[in-house]
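Let me begin by presenting the structure, written as structure tokens, before commenting on it.
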Amino acid sequence: MNCDFFVQHPAVNQVVRYLDKTAGREKSLRLLQYLCRVIAALQGSPGSNAPRLAAQFALTRKLLRFLKPINHLQNAAKLHANTLLADPVARTLGIVRQLGYAAYLTLDQVNLLRILGILPSTPGTAKRVPRWANWCWAIALSAALLLDGRKLQVARTKLAELGQSNEDEDEKNKAARKDAAIQQHGAVRKLAWDALDAFIVANNLGFLSAGEEYVGVAGVVTSIMGAGEVWDGCAQ
């Protein structure tokens, strides 16, 4: 076998870059975690190893996300400092979203310390902290859904203003139309992504009572979407 294939092939290089990123490994583990939840729900066997594997994947993800709240706090600070942002509604929703994720991940780290035995297991750390974490995740997703809707509205308005395409329009209009279409597609995709995550957290909080297999499938889909986003970012 030619070793040059593993050294120079673009696809192999992209795989290496993907696995070299913490986000890439975390998204892959999330996919495995929710796949295990689907398998466990479909098997329905008390002796199945799938729930144990799902718990192990979830624990590893928590370790990989250690100190990640700092990223979201920094993003929120950048949005707050960017007073020149054209859309103040999007700016405000973005700040709430980032702060919500920061709070969610911070509480999740507290939960991690309890699992590792560093913090004592009390009703507060074992029950209230995970529930507060889900509430913060729900707040972040609510802001994200509103932000997705806002971006979709802006993109559709821009496309309407540009009107129908024709052969006589200049390259500038064509580029603007293409850019607006890309923004619209991205907003629809993100809206579906956040809606599925909202479905998961609504079940976690007890507002919905969907079966474990449906929650697992929703997690698989959003994990694939997240992994795809990281994968695209690793392209040359």
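The values are calculated or read from the model by the stated rules, or taken from the named source; none is laboratory data. Here the structure is a predicted model, which means the values were calculated and not measured. When we count neighbours, we look across all protein chains shown, and the Cβ atoms used for this are built from the backbone with ideal geometry, even at glycine. Keep in mind that these areas ignore ligands, DNA and RNA; they rest on the heavy atoms of the full protein, side chains included. Shrake-Rupley method; radii C 1.70, N 1.55, O 1.52, S 1.80 Å.
Taken over the range 84-112, the criterion of being open to solvent by 40 Å² or more (accessible area, probe 1.4 Å), free of Cβ contacts under 8 Å to residues at least 60 places away in the same chain and farther than 19 Å from A138 by Cβ is satisfied by L84, L85, A86, P88, R91.
Entry remark, the range 203-226: residues being open to solvent by 20 Å² or more (accessible area, probe 1.4 Å) and either within 11 Å of the chain's Cα centre (by Cα) or not charged (D, E, K, R) (or both) number 14 in total. Restricting attention to the range 175-190, the residues that are open to solvent by less than 60 Å² (accessible area, probe 1.4 Å) and either closer than 18 Å to A144 by Cα or touching a Pro at 6+ places or on another chain (Cβ under 8 Å) (or both) total 4.
Screening the candidates K21, K62, K78 for the property of being at pLDDT 90 or above, over 20 Å from T106 (Cα atoms) and basic (K, R) yields one hit, K21.
Here L53 clears all of (1) among the aliphatic types (A, V, I, L, M); (2) open to solvent by less than 50 Å² (accessible area, probe 1.4 Å); (3) within 23 Å of V221 (Cα to Cα); (4) free of Cβ contacts under 8 Å to residues at least 40 places away in the same chain except the condition numbered (2).
Every residue, every condition in (1) over 29 Å from A40 (Cβ atoms); (2) of a type outside the set (F, W, Y), yes or no:
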position: W132; (1), (2): no, no
position: R156; (1), (2): yes, yes
position: L162; (1), (2): yes, yes
position: A176; (1), (2): yes, yes
position: D179; (1), (2): yes, yes
position: Q183; (1), (2): yes, yes
position: V215; (1), (2): no, yes
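Of the residues making up the range 67-83, those that are within 23 Å of E229 (Cα to Cα) and surrounded by 14 or more Cβ atoms within 10 Å (Cβ to Cβ) number 8. One residue alone among A155, A202, A181 is under 30 Å from G100 (Cβ atoms) and at pLDDT 95 or above, and that residue is A202. Does K158 count as surrounded by 18 or more Cβ atoms within 10 Å (Cβ to Cβ), among the charged types (D, E, K, R), in a helix (DSSP H, G or I) and touching a residue at least 24 places away in the same chain (Cβ under 8 Å)? No: the conditions fail for K158.
Taking the criterion of being closer than 13 Å to G233 by Cα, among the basic types (K, R) and either open to solvent by less than 30 Å² (accessible area, probe 1.4 Å) or in a helix (DSSP H, G or I) (or both), the only residue of the range 12-30 that qualifies is R17.
Residues of the range 204-231 that are closer than 18 Å to A58 by Cβ and out of contact with any Asp or Glu (no Cβ under 9 Å at 6 or more places or on another chain): N204, L205, E212, E213, V215, G216, V217, V220, V221, S223, I224, A227.
The set of residues from the range 56-66 being surrounded by fewer than 17 Cβ atoms within 10 Å (Cβ to Cβ) and part of a loop (DSSP other than H, G, I, E, B) comprises just one member, F66. Against the definition (open to solvent by 70 Å² or more (accessible area, probe 1.4 Å) and at pLDDT 95 or above), how does Q33 come out, yes or no? So Q33 does not fit the description; no.
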